[in-house]
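Heads up: the structure comes next, in structure tokens.
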Amino acid sequence: MKDSRAKLICLHHAGGGPSVFDHWVRTAPDGLDVIAPELPKHPDMAGRRLYRSADDLVPALAEHIAERVMEGGVDEQGEGHYVLFGQSMGGLLAYLVTRYFHERGGPLPKALAVASFAAPCIPWTDPTGPDAPDDVLVRRLHAIGGVPTWLVEHPGWLSPFLGLVRDDARLCGTYRHVPQSSRLPCRSMCSAGIEIPSSRESPCTAGPKSRTRSR
């Protein structure tokens, strides 16, 4: 029997995990399943990602998402009964997974929603970089709201978790955009933050061959 419940697939920001969407999972309305996949971690290296490039991660992530959403089947347009949302790094991954399904075949989302990530054709940059010393990286995370003030003076306490941040930052920084051959067929929305999605034009529109817009 097919699962007809709508699904919201959520991909987290760099250095994060599925728990960042716990509130959405708990407060989802009846009839909606909020699913936050966990990006694969290295089995032999604690606190590190298994895949450290978009080319390696996206096929595995797309396969995992397809397995979850195909339970509900697809419509005549090849779309699954779900929306794919990504925040920050998750926005890049959501776009790439949607593009992967479009180009290679797979259950396209009803809509692609991206928050807090620039258009994919704009190279990702950060003044700190993934190889910065722990204390510098922690201060940078604090500056963007990722670390509370009381932890800034104790970077050693965060050291076990910084490997994920470094791996995710390297994934974003090494991604190089290749223009699409055709538009994504699904609706796309974008937001500078996580609360107000918009499909209006913006200065960061990725161009005529991409419909992912942000900031």
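The values are calculated or read from the model by the stated rules, or taken from the named source; none is laboratory data. None of the values given here were measured: they were computed from a predicted structure. Every residue, glycine as well, gets a Cβ built from its backbone with ideal geometry; the counts of neighbours run over all protein chains shown. Ligands, DNA and RNA are excluded from the accessible area calculation, which covers all protein heavy atoms including side chains. Shrake-Rupley method; radii C 1.70, N 1.55, O 1.52, S 1.80 Å.
Computed values, structure above
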{"read-out": "For Glu71, solvent-accessible area (1.4 Å; no DNA, RNA or ligand), Å²", "value": "90"}
{"read-out": "³J(HN,Hα), Karplus 6.51/-1.76/1.60, whole Hz, each residue of the stretch 56-65, x for Gly, Pro", "value": "7, 6, 4, x, 5, 5, 4, 4, 5, 5"}
{"read-out": "Dipole moment magnitude, nearest 20 debye, the stretch 1-130 about Cα centre, only Lys, Arg, Asp, Glu C-beta charged", "value": "240"}
{"read-out": "Proximal charge balance of Ser53 [Cβ under 14 Å; K/R count +1, D/E count -1]", "value": "+2"}
{"read-out": "Kirkwood hydrodynamic radius of the stretch 38-197, Cα pairs, Å", "value": "17.1"}
{"read-out": "Probe 1.4 Å, accessible area per residue of the stretch 1-159, Å²", "value": "51"}
{"read-out": "Ordering of 98-107, 15-24 by packing [mean C-beta count within 10 Å, highest first]", "value": "98-107, 15-24"}
{"read-out": "Per-residue SASA entry for Asp131, accessible area with 1.4 Å probe, Å² rounded to 10", "value": "120"}
{"read-out": "Within-12-Å neighbourhood charge of Pro155 [Cβ basis; K, R +1; D, E -1]", "value": "-1"}
